[in-house]
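Participant: First the structure, which I've put down as structure tokens, then a few questions once you've had a look.
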Amino acid sequence: MMRIALFLVTNIAILIVASITMSVLGVDRSTLSGLLVMCAIFGFGGSFVSLFISKWMAKKSTGTQIIERASNADEQWLLDTVAELSQKAGIKMPEVGIFPAQQANAFATGWNKNDALVAVSLGLLQRFRPEEVRAVLAHEIGHVANGDMVTLSLVQGVVNTFVMFFARIAASVVDSFLSSDEEGESSGGGIGYFVTVIVFEILFGILASIVVSWFSRYREYRADEAGADLSSNHAMIGALQRLKAEYEMPDQMPDQMLAFGISSHLKDGFMSLLASHPPLDQRIAALQARG
């Protein structure tokens, strides 16, 4: 529910800014090409701003401490392992950090694969065996090497654009049907139109979130395969099985970082369509099928 609430607040803010900007620039909503261009500017703009500040946001929201210089053997092992996996994956070594959560988790983020951040939770580092931690790190390096952060931002930009565009088209149709004056012309961008836009953005936004979530789940299978290639199939399966055994712990990842973590809690019914990760049983089965 937090993801939906965050989406609604974000889109309402976008609506207000976009509507003011369109009015200032004289963009008529009846001019479809101009409307589409403006929606694309805001749709992709918001998505890429989020991408460019993703490392900063991740550090702030999770309390991640970057390891500038190892202060103990565990930190040195972590730096050496990430360096080894990064070289094997053909990317520049990312920043490495630890965030103070007892839940076993990890994430990767950054605006490009040569300027990324990989972090693990304190709980994962303390309780997982070294080969399992290495597999989790390999999974996250796989996300980075696959360019998943950029690709997800592009997908989000596309759906943002069409959510804004079709919400305004639908609102115009409803506004023309319900609010026409005596001469048969629409009453224009009144409060009814803006309320209708918000309603359609919510409806289309939920549908768009299903598409984005499906793509996020697809990325996890690819990152699991990359993690298995960088470490080993056996180690990657073992890490996922260990994560499954720890599901009773509450999810401590910030909502905006869930899609970039190694796992998230299962959702039931309709909410399963909005899950950022596939069930661990399915991920384990996919790796086992590789042989």
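The values are calculated or read from the model by the stated rules, or taken from the named source; none is laboratory data. Please read these numbers as outputs of a predicted model, since none were measured by experiment. Backbone-built Cβ (ideal geometry, glycine too); neighbour counts: all protein chains shown. In case anyone asks, the SASA skips ligands and DNA or RNA and just uses the protein heavy atoms, side chains included. Shrake-Rupley method; radii C 1.70, N 1.55, O 1.52, S 1.80 Å.
Participant: Given the conditions (1) within 25 Å of the chain's Cα centre (by Cα); (2) free of Cβ contacts under 8 Å to residues at least 12 places away in the same chain, which single one is not true for M57?
Facilitator: (2)
Participant: In the range 272-279, is there at least one residue being open to solvent by less than 10 Å² (accessible area, probe 1.4 Å), over 17 Å from the mean Cα position of the chain (by Cα), under 16 Å from F215 (Cβ atoms) and modelled with pLDDT of 80 or more?
Facilitator: no
Participant: Run Q76 past the list (1) at pLDDT 95 or above; (2) assigned to a helix (DSSP H, G or I); (3) over 20 Å from S232 (Cα atoms); (4) in contact with a helix residue (DSSP H, G or I) (Cβ under 9 Å, 6 or more places away or on another chain) and report the number of the one that doesn't hold.
Facilitator: (4)
Participant: Of the residues M149, M164, only one is more than 24 Å from D229 (Cβ to Cβ) and either surrounded by 22 or more Cβ atoms within 10 Å (Cβ to Cβ) or out of contact with any helix residue (DSSP H, G or I) (no Cβ under 9 Å at 6 or more places or on another chain) (or both); which?
Facilitator: Every option except M164 fails the conditions.
Participant: Let me ask you something else. Taking the stated definitions as given, is A89 within 25 Å of the chain's Cα centre (by Cα), surrounded by 21 or more Cβ atoms within 10 Å (Cβ to Cβ) and not hydroxyl-bearing (S, T, Y)?
Facilitator: No; evaluated as a whole, the condition is false for this residue.
Participant: Residue check, E84 against (1) surrounded by 16 or more Cβ atoms within 10 Å (Cβ to Cβ); (2) in contact with a helix residue (DSSP H, G or I) (Cβ under 8 Å, 6 or more places away or on another chain); (3) at pLDDT 85 or above, all met but one. Which one?
Facilitator: The number of the failed condition is (2).
Participant: Can you list residue pairs whose Cβ atoms sit under 6 Å apart, with the first residue in the range 89-114 being without any contact (Cβ under 8 Å) to a residue 24 or more places away in the chain and the second being open to solvent by less than 10 Å² (accessible area, probe 1.4 Å) and small (G, A, S)? Count only pairs 6 or more apart in sequence or on different chains.
Facilitator: Taking only residues 6 or more apart or on different chains, the pairs are M93/S86.
Participant: Test each condition in (1) over 19 Å from R127 (Cβ atoms); (2) touching a residue at least 40 places away in the same chain (Cβ under 8 Å) for V49 and report the one that comes out false.
Facilitator: (2)
Participant: Is there a residue in the range 116-124 that is modelled with pLDDT under 95, aliphatic (A, V, I, L, M), part of a strand (DSSP E or B) and surrounded by 21 or more Cβ atoms within 10 Å (Cβ to Cβ)?
Facilitator: No, the range 116-124 contains no residue that is modelled with pLDDT under 95, aliphatic (A, V, I, L, M), part of a strand (DSSP E or B) and surrounded by 21 or more Cβ atoms within 10 Å (Cβ to Cβ).
Participant: Filtering the range 14-70 down to residues that are of a type in the set (F, W, Y) and buried (at least 16 other Cβ atoms within 10 Å of the Cβ), which residue is modelled with the lowest pLDDT?
Facilitator: We begin by selecting, within the range 14-70, every residue of a type in the set (F, W, Y); these are 42, 44, 48, 52, 56.
Now restrict to residues that are buried (at least 16 other Cβ atoms within 10 Å of the Cβ): 42, 44, 48.
Working: F42: 84, F44: 89, F48: 87.
Within the range 14-70, the match that is modelled with the lowest pLDDT is F42.
Participant: Is there a residue being over 22 Å from T151 (Cα atoms) and either at pLDDT 95 or above or out of contact with any strand residue (DSSP E or B) (no Cβ under 8 Å at 6 or more places or on another chain) (or both) anywhere in the range 253-266?
Facilitator: Within the range 253-266 (the criterion being over 22 Å from T151 (Cα atoms) and either at pLDDT 95 or above or out of contact with any strand residue (DSSP E or B) (no Cβ under 8 Å at 6 or more places or on another chain) (or both)), the answer is yes, since at least one residue qualifies.
Participant: For the range 125-235, please list each of the helices (runs of 4 or more DSSP H) lying entirely inside it that holds at least 2 residues being at pLDDT 85 or above and over 30 Å from L79 (Cα atoms).
Facilitator: Numbers: elements: 130-145, 148-178, 191-230.
Those helices (runs of 4 or more DSSP H) span 148-178, 191-230.
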